[in-house]
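The block underneath contains the structure these notes are about, expressed in structure tokens.
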2 protein chains.
Amino acid sequence: MSVAVINYDQPMRWEPDSRGRLEQAAISLYGERGFENTTVAEIASRAGLTERTFFRHFADKREVLFAGGLLLQELIVSEVSGAPDSLPPVDAVAVGLEAAGAAIQERGDYPRQRQRMIAASAELQERELIKLAALAARLAEALRERGVDDPAASLTAEVGIAVFRIAVERWNEEDEPGDLPQLIRDSLDQLRAVTAGR
Amino acid sequence: MSVAVINYDQPMRWEPDSRGRLEQAAISLYGERGFENTTVAEIASRAGLTERTFFRHFADKREVLFAGGLLLQELIVSEVSGAPDSLPPVDAVAVGLEAAGAAIQERGDYPRQRQRMIAASAELQERELIKLAALAARLAEALRERGVDDPAASLTAEVGIAVFRIAVERWNEEDEPGDLPQLIRDSLDQLRAVTAGR
DNA sequence: CTGCCTGATGTCAGTTGCTGTCATCAACTA
DNA sequence: TAGTTGATGACAGCAACTGACATCAGGCAG
């Protein structure tokens, strides 16, 4: 087994953390001129790399903004799996989503900037939606592992995501960022009120 | 006011219904080789037209499969708007979605083929999702016009779409196509059971 | 110490989706 | 009969992506 050694004195072949530099470059350019008005060549150039290298790190131009989503997904799923068995499915999902909300809030300004970028581009919205759909699928799986049967599991997951979406949307529209987990709880209550058969 | 006259004898400059021919060509090619493996040039060629003309009729390669969606959207919205005022929001939405389900069912095999194509391509799924999101937005608007306040309106619309998605998905997975409106009703009942906070 | 190997990057050529611009010309209109 | 219009073609060009091969610092085996 070998140990990674970082050499601080001798010149390396390349500057380190090219992926991180690409991410930074992309986000700042998207912020400056908008997503559609920046080319991958420009991103690569600002990062001191080539276009080809960009595509080695990110599947496509949009993916830069969604690379971090996996961690959030894992957080949510682990929270759902770890929730007490006594908790009904919707509430288990709520636990996961609130944890995600809290995590998002801790990241400062970036999530809201990012959300505004997405709102400004149909292409990015499409990507966001399919990521959320994937999350819903993972959520449904987690519910099935809790013993929830399948029509109910998918439905609960999908509806949970809908609640989450609306809460995040409202959170983004606020002038001053409010309490996201609280917004999620509120939305879920609203949902209950709305579906409660008359 | 002028009357459209169709000349059956004299040669026209172009074969009629180029848009329809493009649509047919695209759908059959997508079915034969899959969406990703067919180029717009091939579609245009099969339709006896040029690539440029394809893009005059359809905003992009995917849009061919979603062109008809507008009518369905209008159907749903008009059903919701026309539902008795006494009906609670969720049920008004249900009326619209069931009508859509019935309309889809009447179209024979095509909707299920189309759905299978979409399921086979991430790109198409993205488009599908954003179309459904647009539908949810229109639905929410229709609810607001019924006097439903906004957090509830968006939530109801979004959740209605989630129910619809799941029902259609299950319908597509069946060997023999079952009763879609019924599936929608069932899914909604499931939802009620699931959200009924104990 | 030497020489091979590996992995991250560069280079380059090519495909495809999509757009702008201008030309064409049958059918309609005045 | 002359002018206009609208659907199409022709063509050039950009940007997103992909495949194939070259490069070479750093690590590793001997």
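About the centre of its Cα atoms, the protein assembly as shown shows a dipole size close to 900 debye [charges on the beta carbon of Lys, Arg (+1) and Asp, Glu (-1) only; nearest 20 debye].
If packing is taken as the mean number of other Cβ atoms within 10 Å per residue, what is the order of A:33-41, A:98-106, highest first? Each step should come with its number before you reach the end.
Numbers: A:33-41: 14.3, A:98-106: 17.8.
The densest-packed peptide leads the list: A:98-106, A:33-41.
Dipole check for region A:18-64: with +1 at the C-beta of Lys and Arg, -1 at the C-beta of Asp and Glu, and the Cα centre as origin, the magnitude is about 160 Debye. Here is how far apart the residue B:31 label points are across copies: 5.0 nm, shortest first, using a point 7 Å from Cα toward Cβ.
Label point 7 Å out from residue B:137 along Cα-to-Cβ: which residues of region A:99-119 have amide N under 15 Å? Output list for this probe position: A:116-119.
In cubic angstrom, how much convex hull volume per residue do the alpha carbon atoms of region A:18-64 span?
55
Using helices alone, I'd like the mean residue ellipticity at 222 nm for chain A: each DSSP H run of four-plus residues gives -39500 (n - 2.57), total over residue count, nearest 500. For chain A, the value works out to -22500 deg cm²/dmol. Compactness check for region A:68-195: Cα Rg over 2.2 N^0.38 Å is 1.02. Here the Gaussian network model covers chain A, with springs between Cα atoms less than 10 Å apart; of A:16, A:84, A:151, A:16 fluctuates the most. Taking label positions 7 Å along the Cα-Cβ direction at both residue B:42 and residue A:39, the computed distance is 2.9 nm, reported to one decimal. Inter-copy label distances at residue B:117, shortest first and taken from points set 7 Å along Cα to Cβ: 3.3 nm.
If you take each beta carbon of peptide B:186-193 and count the beta carbons of other chains within 10 angstrom, what is the mean? That works out to 4 on average. Taken about its Cα centre, region B:20-168 carries a charge dipole of roughly 620 debye when the Cβ of each Lys and Arg holds +1 and the Cβ of each Asp and Glu holds -1.
In region A:18-64, taking the dipole from charged Cβ atoms about the Cα centre, the farthest positive-side position among A:27, A:58, A:38 is held by A:58. The length gained by stretching the chain between residue B:86 and residue B:51 to full extension, at 0.36 nm per residue less their Cα-Cα distance, is 7.4 nm.
Could you tell me the center-to-center distance, by alpha carbons, between region B:60-126 and region A:48-81 in angstrom? When both Cα centres are located, 32 Å separates them.
Partner chain Cβ atoms within 10 Å, averaged over the residues of B:123-134 - can you pull that number for me? Present the calculation step by step, with values, prior to reporting the outcome.
Working: counts 2, 0, 5, 10, 4, 4, 9, 8, 2, 1, 5, 2.
Mean inter-chain Cβ contacts per residue within 10 Å come to 4.
With the radius of gyration and the Kirkwood radius both derived from the Cα set of the protein assembly as shown, what is their ratio Rg to Rh?
Checking Rg against Rh, the ratio lands at 1.02.
In this assembly of identical copies, the label point of residue A:16 (Cα plus 7 Å along Cα-to-Cβ) is separated from its counterparts by 7.2 nm, sorted shortest first.
Quick note: the coordinates plus some simple rules give every number you see, no bench work behind them. Note that the structure is predicted; figures quoted are calculated from it, not measured. Methodologically, a virtual Cβ is constructed for each residue, glycine included, from the backbone with ideal geometry; neighbour enumeration extends over all protein chains shown.
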